[in-house]
Amino acid sequence: MSLLNILILIAAALALRLLFPGKLRRWALLVSSVLAIFWLQPSLPIRQMDFWFPTATLGLVLASWALTAEKEQLKARQNQLAAALALGTVLLLALLRFVSLQGVLTASRPPQFSSVLIALLVIALLAALLVRFLQPTRPALTAGVLLILVIFVLLKTPALASLSSTGLRSLMGQDKSLALPSDLGWLGFSYVAFRLIHTLIDRMNGRLKEMGLDEVLIYTIFFPTFLAGPLDRLQRFRKDLNDPQPLDAEELRTSGTRLAAGLFRKFILADTLALVAIIAANVTQVRSAGWLWLMLAAYSFQLYFDFAGYSDIAIGVGRLLGFTLPENFNHPYRQPNLTQFWNNWHMTLTQWVRGYFFNPVTRALRKNKKLPAPLVIFITQVSTMLVIGLWHGITPNFIIWGLWHGLGLFIHNRWSSYTSPKRAALVTKRPALDKVLHLSGVAFNFVFVSLGWIWFALPTPALALETFGKLFRIA
């Protein structure tokens, strides 16, 4: 997202808060978020897909809500108004086909108006049928989760994405030989998937009662967090939606400070470090191990400042709109071990995976009394980090990166269990040693995490192994 895009979103958030007080704020948030997901979606090589992907996002949200809804909710005026506003906004965007405004609100010229109208009618009819004939039962909600995961796998697996691109190109009458995985650039889908899976699972487990369609729509496509989080919970989000704090001088100061910090981190620090950070294009040209270590350190900090900067911006824009979004980073590189690193790096993702994967798997394994505790820890930590790796992409390098951290967490867990009593006794006698151990832990942890970023930054295992060889002068 460019600096201009961010400044426009900041101005839009402030205008929305000032011009639409009270109940109007909710509907203004809904319409503006629908507009934003079309506006932010970049142009794609496959004709019209930059319009159909945001439309499909809304379709998924409506279908997911329909799986959770009781029959009576179909008649609720507020839900009908939410559906009408969301789908009506898409219909108005489709009218841009008849004027020369493509690239302003949509990346390219919208599809035929009749095609959009039919698609929206199908979405509305499907949602209505799901509410009418399906109760929010465990099988129905599980089917919804599985559907989202299937789409996720199609988008994140390069071979399947290329195959899907070939099919779509054929449908659109384009050259199938040019199909690439990057053709399916469905903007924001990863975060949309996490939010929808959260609502479906929590509804399944009784942690969420009735949800209004407007609540689910705004929560899922909330424009400050649509692209890069932080991941919020609907239970917390709806409190700010229903009872926003007044926009006073203190709130403006707080949001302004956070926005300034985010813009500085992203566009000054991260973008400057990106000039020397390790990437596939430059790693093969470097011969000096020293320079390569510096480039790796630059990448580590570039990644942090880029992501943390976007989180600051999202939190700042959220504050302008009356939402106190959860924190996402808390000085992760200052942490003395890998466990603390993951407790402070992309914290909302870590908490999500812990709540919806790690804890259920741990409980299931502990029911088997024959499994020793270390084996349970090994399975849960490695599989959890593997899930986080796969969330970034279903490729060999992301799988190895997940295993790198999973094994690292397990080794740290076993080492900590063995050495903690000895360390406590030692630092009691020599207090100064505690600081030395802490600093050495911070340094070792930073090196370990940075080396792991090699798998994250480079496209193939062969190139990553070549980089390791250059760093340690073994190739």
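Go over the candidates ARG195, ARG138 one by one and state the one that is out of contact with any strand residue (DSSP E or B) (no Cβ under 9 Å at 6 or more places or on another chain), more than 25 Å from ARG47 (Cβ to Cβ) and either surrounded by fewer than 17 Cβ atoms within 10 Å (Cβ to Cβ) or outside the structural domain of TRP39 (by TED's automatic domain parsing) (or both). Show your work before the answer.
Numbers: ARG195 fails: either surrounded by fewer than 17 Cβ atoms within 10 Å (Cβ to Cβ) or outside the structural domain of TRP39 (by TED's automatic domain parsing) (or both).
Checking each option against the conditions leaves just ARG138.
Does LEU269 meet the test of being modelled with pLDDT of 95 or more, surrounded by 22 or more Cβ atoms within 10 Å (Cβ to Cβ) and not aromatic (Phe, Trp, Tyr)? Spell out the reasoning first.
Values: modelled with pLDDT of 95 or more: yes; surrounded by 22 or more Cβ atoms within 10 Å (Cβ to Cβ): no; not aromatic (Phe, Trp, Tyr): yes.
Against the criterion (modelled with pLDDT of 95 or more, surrounded by 22 or more Cβ atoms within 10 Å (Cβ to Cβ) and not aromatic (Phe, Trp, Tyr)), LEU269 does not qualify.
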Lone qualifier among LEU16, LEU62 - being part of a helix (DSSP H, G or I), at pLDDT 95 or above and among the hydrophobic types (A, V, I, L, M, F, W, C):
LEU62
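Scan region 411-458 residue by residue and report those that are among the aromatic types (Phe, Trp, Tyr), out of contact with any Pro (no Cβ under 9 Å at 6 or more places or on another chain) and without any contact (Cβ under 8 Å) to a residue 24 or more places away in the chain.
Here is the first cut: in region 411-458, the residues among the aromatic types (Phe, Trp, Tyr) are 415, 418, 444, 446, 448, 453, 455-456.
Filter once more, keeping what is out of contact with any Pro (no Cβ under 9 Å at 6 or more places or on another chain): 415, 418, 446, 448, 453, 456.
If the condition is that a residue be among the aromatic types (Phe, Trp, Tyr), out of contact with any Pro (no Cβ under 9 Å at 6 or more places or on another chain) and without any contact (Cβ under 8 Å) to a residue 24 or more places away in the chain, then TRP415, TYR418 are the ones that fit.
Quick one: would you say VAL449 is over 30 Å from ASN282 (Cβ atoms), touching a Leu at 6+ places or on another chain (Cβ under 8 Å) and hydrophobic (A, V, I, L, M, F, W, C)? Walk me through how you get there before you give the answer.
Working: over 30 Å from ASN282 (Cβ atoms): no; touching a Leu at 6+ places or on another chain (Cβ under 8 Å): yes; hydrophobic (A, V, I, L, M, F, W, C): yes.
Answer is no for this residue.
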Just give me the residues in region 324-344 being part of a loop (DSSP other than H, G, I, E, B) and surrounded by fewer than 23 Cβ atoms within 10 Å (Cβ to Cβ), in sequence order.
THR324, PRO326, GLU327, PHE329, ASN330, HIS331, GLN335, PRO336, ASN337
Six or more apart or on different chains, Cβ atoms under 6 Å: show the pairs whose first residue is in region 351-380 and closer than 21 Å to SER417 by Cα and whose second is assigned to a loop (DSSP other than H, G, I, E, B) and not aromatic (Phe, Trp, Tyr).
LEU365/LEU371
Report, by residue number, each residue of region 247-275 that is more than 18 Å from ILE313 (Cβ to Cβ) and touching a Phe, Trp or Tyr at 6+ places or on another chain (Cβ under 9 Å).
none
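Tell me, yes or no, whether region 427-450 has at least one residue that is more than 30 Å from GLY290 (Cβ to Cβ), among the polar types (S, T, N, Q) and surrounded by 13 or more Cβ atoms within 10 Å (Cβ to Cβ).
Start the filter on region 427-450 by keeping residues that are more than 30 Å from GLY290 (Cβ to Cβ), which leaves 427-434.
If we keep only those that are among the polar types (S, T, N, Q) as well, we get 428.
Imposing the further condition that a residue be surrounded by 13 or more Cβ atoms within 10 Å (Cβ to Cβ) reduces the set to none.
Within region 427-450 (the criterion being more than 30 Å from GLY290 (Cβ to Cβ), among the polar types (S, T, N, Q) and surrounded by 13 or more Cβ atoms within 10 Å (Cβ to Cβ)), the answer is no, since none of the residues qualifies.
Do you know which residues across region 130-188 are of a type in the set (Gly, Ala, Ser) and in a helix (DSSP H, G or I)? Don't jump to the end; show me each part of the working.
The initial filter retains those residues of region 130-188 that are of a type in the set (Gly, Ala, Ser), namely 140, 143-144, 159, 161-162, 164-165, 167, 170, 173, 177, 179, 182, 185, 188.
Listed by number, the residues that qualify are ALA140, ALA143, GLY144, ALA159, ALA161, SER162, SER164, SER165, GLY167, SER170, SER177, SER182.
Identify the residue in region 459-475 that is part of a helix (DSSP H, G or I) and touching a residue at least 12 places away in the same chain (Cβ under 8 Å) and, among all such residues, is farthest from the chain's Cα centre (by Cα). Steps first, please.
Of region 459-475, the ones part of a helix (DSSP H, G or I) are 461-471.
From the residues that got through so far, the ones that are touching a residue at least 12 places away in the same chain (Cβ under 8 Å) too are 461, 463-464, 466-468, 470-471.
Values: PRO461: 25, LEU463: 27, ALA464: 25, GLU466: 30, THR467: 28, PHE468: 29, LYS470: 33, LEU471: 31 Å.
Within region 459-475, the match that is farthest from the chain's Cα centre (by Cα) is LYS470.
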Can you tell me which residue is modelled with the lowest pLDDT among those in region 372-400 that are out of contact with any Lys or Arg (no Cβ under 7 Å at 6 or more places or on another chain) and assigned to a loop (DSSP other than H, G, I, E, B)?
PRO372
Options ARG253, ARG238; residue that is closer than 30 Å to ALA124 by Cα and basic (Lys, Arg)
ARG238
Pairs where the first residue, in region 149-169, is surrounded by 14 or more Cβ atoms within 10 Å (Cβ to Cβ) and the second is of a type in the set (Asp, Glu), C-beta under 6 Å, 6+ apart
SER165/ASP183
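The values are calculated or read from the model by the stated rules, or taken from the named source; none is laboratory data. Note that this is a predicted model, so its numbers are computed, not measured. Positions of Cβ are backbone-derived with ideal geometry, glycine not excepted, and every protein chain shown enters the neighbour counts.
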